[in-house]
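One structure is given below, encoded as structure tokens.
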Amino acid sequence: GKGPLRIVITGAAGQIAYSLLYQICSGDVFGQEQDLIVNLLDITPMLGVLQGVVMEIEDCSLPLVKGVFPTDSVEVAFKDIDVALFVGAMPRKEGMERKDLLSANVKIFKPQGQALEKFAKKTCKILVVGNPANTNCFILAQNAPSIPRENFTCLTRLDHNRAIGQIASRLKISPKSVKNVIIWGNHSSTQFPDARSATVNVNGKETPAYDALKDDNWLKNDFVSIVQKRGAAVIAARKLSSAMSAAKAICDHMRDWWFGTKDHEFTSMGLISDGSYGIEKGLVYSYPVQIKDGKISIVQDLKIDDWSRDLMDKTQKELIEEKNDALKATSTE
Ligand code: NAI
């Protein structure tokens with residue numbers, strides 16, 4: 001049979017990890033047949049908290065879990081890893097500029113990339129969640145050159161799920177009846193939530209979202225800005241960033257990567273661009289993707305009108321600026 005899957009979660013003492021661990025350890029992501037070994041990485045001052053998390057996992061009595069290892073060492077955390085979920089990052093503090101935020105995160109993601117390169121399996125599947133997720137993923141990939149480029153992803157599934165949620169509630173239908181929305185670009189307020197390929201199932205009939213909503217104005221304005229600003233709205237209300245929905249999105253992202261997307265359906269993932277849709281090669285940019293047998297492919301040949309092109313370029317521009325700031329920080333490290 002197959003051996004246990006070795007998973008590392010960074011930022012494992014944080015709030016997303018707390019919502020995430022039960023779902024992963026219960027078999028909800030990698031299936032009920034797959035044993036798991038889970039490494040929990042956080043910084044030294046959080047080791048006490050991690051002990052509590054380990055106790056709770058034990059108290060859940062989950063049969064798939066063959067070991068849980070809390071650590072503050074990247075060498076221990078990344079050894080022979082199959083799946084790496086990078087949740088921990090340096091949060092933006094009051095008055096912090098983008099380049100300060102990026103340089104603080106380079107300090108985290110450069111050594112973690114080097115550790116990935118040295119200790120992880122070359123087949124390791126990587127998901128970056130910690131913000132700025134796209135650029136953190138870029139830095140990680142730069143520092144782990146021997147891991148295939150297609151193994152690096154960042155999370156835009158939460159934005160994707162938010163977009164589905166908005167359309168479903170507008171039409172008063174189940175989120176299950178909304179398909180093929182797209183998040184393009186950066187996981188930030190410049191992202192482009194795109195419903196032009198989306199279809200909805202209303203009363204058993206599959207219809208383009210634009211036809212069903214009969215309101216291009218809403219789709220081009222409120223829909224886009226609600227999804228772009230949803231993260232900030234949750235923080236304003238909860239005084240904490242999205243955690244339950246972020247954890248759920250991480251599970252959706254990894255489950256689809258593992259088991260594939262449905263025929264004729266796509267989802268959104270941040271990937272190292274191959275130049276598709278005229279986006280700079282190498283940039284970590286969110287695309288519509290289909291997945292089969294563990295292979296992620298960018299959905300090609302979607303029609304892009306001028307309005308969309310403009311939004312796709314705007315979010316690309318922000319990513320290029322982030323990348324350049326991060327590279328500057330890397331070279332002065
Ligand atoms: P949190 O602050 O509750 O937890 C973060 C954890 O990371 C803390 O325990 C901290 O000690 C740890 N950490 C910091 N530096 C570390 C390092 N070098 N190595 C290992 N662990 C380290 O934050 P929360 O709410 O769990 O969010 C985590 C990240 O996810 C944040 O950057 C947040 O902005 C991001 N996020 C991304 C989303 C997305 O859709 N891509 C959605 C929601 C949050």
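The numbers here are math on the coordinates, done by the rules we state, and not lab data. A quick note: this is a predicted structure, and the numbers were derived from the prediction, not measured. Please note: Cβ atoms are built from the backbone with ideal geometry, for glycine as well, and neighbour counts cover all protein chains shown.
Defining a contact as two alpha carbons under 8 Å apart and six or more residues distant in sequence, what relative contact order in percent does region 157-320 show?
25
Could you tell me the relative contact order of the chain? Use alpha-carbon pairs under 8 Å, at least six residues apart, and round to a whole percent.
17
Between ILE235 and LYS317, what is the label-point separation in nm under the 7 Å Cα-to-beta-carbon projection?
Once both label points are built, they end up 2.3 nm from each other.
Find how much the distance from THR332 to TRP218 grows on full extension, using 0.36 nm per residue of separation minus their present alpha carbon separation; answer in nm with one decimal.
Here the answer is 36.5 nm.
Taking neighbour Cβ counts within 10 Å as the exposure measure, how do VAL128, VAL74 sort from fewest upward?
VAL74, VAL128
Could you tell me how many degrees, from 0 to 90 and to the nearest 10, lie between the Cα long axis of helix 306-331 and the main elongation axis, the longest principal axis, of the Cα atoms of the chain?
20
Take ALA104, project a point 7 Å from its Cα along the Cβ direction, then tell me which residues of region 132-164 have their backbone nitrogen under 17 Å from it.
Only 132-137 pass the distance filter.
About its Cα centre, what dipole magnitude does the chain give when the only charges are +1 on Lys and Arg Cβ and -1 on Asp and Glu Cβ, stated in debye to the nearest 20?
Charge dipole, the chain, about its Cα centre: 220 debye, nearest 20.
Tell me the relative contact order for region 94-154 as a rounded percent, counting alpha carbon contacts under 8 Å between residues six or more apart.
40
Out of all DSSP beta bridges with both ends in region 5-154, state the antiparallel percent to the nearest 5.
DSSP beta bridges in region 5-154 are roughly 0 percent antiparallel.
Please arrange MET55, MET244 by how many other C-beta atoms lie within 10 Å of their C-beta, fewest to most.
Ranking MET55, MET244 by Cβ neighbours within 10 Å, fewest first, gives MET55, MET244.
Arrange the peptides 188-195, 30-37 so that the one whose residues have, on average, the most other Cβ atoms within 10 Å appears first.
Final packing ranking: 188-195, 30-37.
Tell me, what HN-Hα J-couplings in whole Hz come from the Karplus equation 6.51 cos²θ - 1.76 cosθ + 1.60 at θ = phi - 60° for each residue of region 63-71, using x for Gly and Pro?
Here the 3J(HN,Hα) series is x, 6, 7, 9, x, 10, 10, x, 7 Hz.
At what distance in angstrom do the alpha carbon centres of region 158-205 and region 76-109 lie from each other?
29
Out of all DSSP beta bridges in the chain, what portion is antiparallel? Express it as a percent rounded to 5.
50
Please rank TRP218, TRP257, TRP184, fewest neighbouring Cβ atoms within 10 Å first, as an exposure proxy.
Lowest to highest Cβ neighbour count: TRP218, TRP257, TRP184.
Name every cysteine in the chain that ends up alone, with no second cysteine's Cβ under 4.7 Å, or say none.
CYS25, CYS60, CYS124, CYS251
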